[in-house]
Amino acid sequence: MPFKPRPGPARPARTATAPRWRRPPHDGSSLRMRGDHVGPDGKGRLGVSAERDHVTGNRHRPSSPPCCTRRGLYRGPPQGLCSQRPPGAPGRGRVYALSALGAVLRHPRPSPPPRSRGSRSHLSRGLAPVTALCLRPPPSLNSAGSRGRMMPSNKSVSDAPIVQFTNCRILRSHQLQREDLWVREGKILNPEKLFFEEKGSADIQLDCKDSIIAPGFIDVQINGGFGVDFSLATDDFKSGIDMVSQKILSHGVTSFCPTLVTSPPAVYHQVLPQISVRNGGAHGAGILGAHLEGPFISKEKKGAHPEHCLRTFEAGAFQDLLATYGSLDCVRIVTLAPEMKRSSEVIRELTKRGICVSLGHSVANLSQAEDAVQHGATFITHLFNAMLPFHHRDPGIVGLLTSDKIPAGRRVFYGMISDGIHTNPAALRIAHRAHPKGLVLVTDAIAGMGLAPGRHTLGQQVVEIDGLNTYIAGTKTLSGSVATMDTCVRHFQEATGCSVEIALEAASLHPAQLLGIERKKGTLNFDSDADFLMLNDDLYVQATYIAGEEVWRQDALGM
């Protein structure tokens, strides 16, 4: 509704004895601009309309603040302000103007002289008084009748219970923050939307006793554990993978990629159909897809892989790969040697299908590795192990960490077995400092993980466990590890001296980014999956949650 100025007091009739009204001399105080900001000294001039000086005849048009019109009328409030006049606000004769502290009351001025016929009116000269300003809450906090509408209670949005985790430190935005964690229906909840839009609150509150809450760990290279070998075709393969997925919950792993080492085609054809992508839960960690490490790798750097099962790409290239594996439906990562002929064609075809290509067990030089990255490769399998050592004239695959030939917008990740055996702490520090955002912690665990020392299998090979070392029987060739993921995280932080946040993200955020699932996994951002851990300050896992449900807890923890 447009503002109508309140009529001022009646002006006295002119008489012969009454002197004609004139403006005082032009001393700087004669200019009265509507809407100008008046400072404490009365000299501030940020007027919004022009007014002719009756002495000099000059018109002054100072710059207008954005909330006022050229005629001095209030155009519209900034957010949180309204232009409604409060009851009892004076009309003409008193002017309110916006300043840094709100409305400033100005001194009254004498009534203007009577205007002659045909002259411009008081309003037409842009001298309408500015309305008073009053504060109001931002629109998002308003009740019914404001721009926002009243939202229903949270029970009308969802009947699922809302759980609030209190007294904790959350790993979010690369920092540990003293905040509560809100969970509903297996997702991380935004409390602001819950409070202000749904008018909801927590149904359950859990005191975390100052624990660290971090995203669940993701292991993209694990060959088995607890007596189960993923590279062995057995009749009870499904029950074996179920057992491993359930037991690694105590290590903080909420998702993983079961890994098969180099095997005969018959093993792939029998095992891969039994691996299915699934969400985690009380039954165990989620399965993200299989990691196929071999058989298209170098004989010189075969490591613990059986040489008689290695293969090369023939004329068919990608068709050779399909014939070997049988199906790619559940495959998430393929490790190959980029120096092999026709490997570029295979990398392109795998990348088109959304499969991550990793470089490993290779004698490739830096140029060959860079060419593979340009065709779509994004990962390096257990850096430093089973590849050419770093050389100052040709750093090989290791040189990808600082290469300037990486396509714009693409990041190369690299796996590290941080068990204190596979990589010297100095080499671990070099890799981390050269490319910290690409480091992905992996266990490369074998069937002997979680078991006593002795003989176990790794695909077609027999391995021996001697303390923390695992060798091919009768040799000193390393063959996987028996380290757990939480152990790798602690060793990585101790060896590099990095922060707790960096150590935790190397086992959660980075593998999620590698697989392109960082919107759902590896983070505690709003609307992501509520897969998270409770840890103490020494990074020992106290409890594991998947989809907001507790799936494992340390017995000694009383909560």
Inside the range 205-233, the number of residues satisfying the requirement of being in a loop (DSSP other than H, G, I, E, B), over 28 Å from L439 (Cα atoms) and among the hydrophobic types (A, V, I, L, M, F, W, C) is 2
Among (1) modelled with pLDDT of 95 or more; (2) surrounded by fewer than 24 Cβ atoms within 10 Å (Cβ to Cβ), which single condition is R410 missing?
-> (1)
Have a look at L171, L181 and point out the one that is open to solvent by less than 60 Å² (accessible area, probe 1.4 Å), within 17 Å of E550 (Cα to Cα) and either touching a helix residue (DSSP H, G or I) at 6+ places or on another chain (Cβ under 9 Å) or of a type in the set (A, V, I, L, M) (or both).
-> L181
On the given criteria, is S344 surrounded by 15 or more Cβ atoms within 10 Å (Cβ to Cβ) and either charged (D, E, K, R) or touching a Cys at 6+ places or on another chain (Cβ under 9 Å) (or both)?
-> no
Hey, can you tell me all the residues within the range 319-341 that are open to solvent by 10 Å² or more (accessible area, probe 1.4 Å) and over 35 Å from the mean Cα position of the chain (by Cα)?
-> Q319, D320, L322, A323, G326, E339, M340, K341
Can you spot a residue in the range 464-479 that is in a loop (DSSP other than H, G, I, E, B) and within 20 Å of G289 (Cβ to Cβ)?
-> no
Being of a type in the set (S, T, N, Q), in contact with a Leu (Cβ under 7 Å, 6 or more places away or on another chain) and either at pLDDT below 95 or closer than 20 Å to I517 by Cβ (or both) is the filter here, so list the residues in the range 227-277 that pass it.
-> S255
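Quickly run through the range 480-530 and pick out the residues that are small (G, A, S), touching a helix residue (DSSP H, G or I) at 6+ places or on another chain (Cβ under 7 Å), under 18 Å from D219 (Cβ atoms) and in a helix (DSSP H, G or I). Reasoning before the result, please.
Of all residues in the range 480-530, those small (G, A, S) come to 480-481, 483, 495, 497, 499, 503, 506-508, 512, 516, 522, 528, 530.
With the extra rule that they be touching a helix residue (DSSP H, G or I) at 6+ places or on another chain (Cβ under 7 Å), the set shrinks to 495, 503, 506-507, 522.
Checking the rest, the ones that are also under 18 Å from D219 (Cβ atoms) come to 503, 506-507, 522.
Result: A503, A506.
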Would you tally the residues in the range 453-463 being part of a loop (DSSP other than H, G, I, E, B) and in contact (Cβ under 8 Å) with a residue 12 or more places away in the chain?
-> 3
Test: residue in the range 357-367 that is in contact with a helix residue (DSSP H, G or I) (Cβ under 7 Å, 6 or more places away or on another chain) and assigned to a helix (DSSP H, G or I) | yes
Could you please find all residues in the range 423-451 being touching a strand residue (DSSP E or B) at 6+ places or on another chain (Cβ under 8 Å) and either of a type in the set (F, W, Y) or open to solvent by 10 Å² or more (accessible area, probe 1.4 Å) (or both)?
-> H432, H435, D444, G450, L451
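The values are calculated or read from the model by the stated rules, or taken from the named source; none is laboratory data. Quick caveat: nothing in here was measured; it's all calculated off a predicted structure. Ideal geometry is used to build each Cβ from the backbone, glycine not excepted, and the neighbour counts take in all protein chains shown. The protein model used for the area step is the full one, side chains on, heavy atoms only, and it has no ligands, DNA or RNA in it. Shrake-Rupley method; radii C 1.70, N 1.55, O 1.52, S 1.80 Å.
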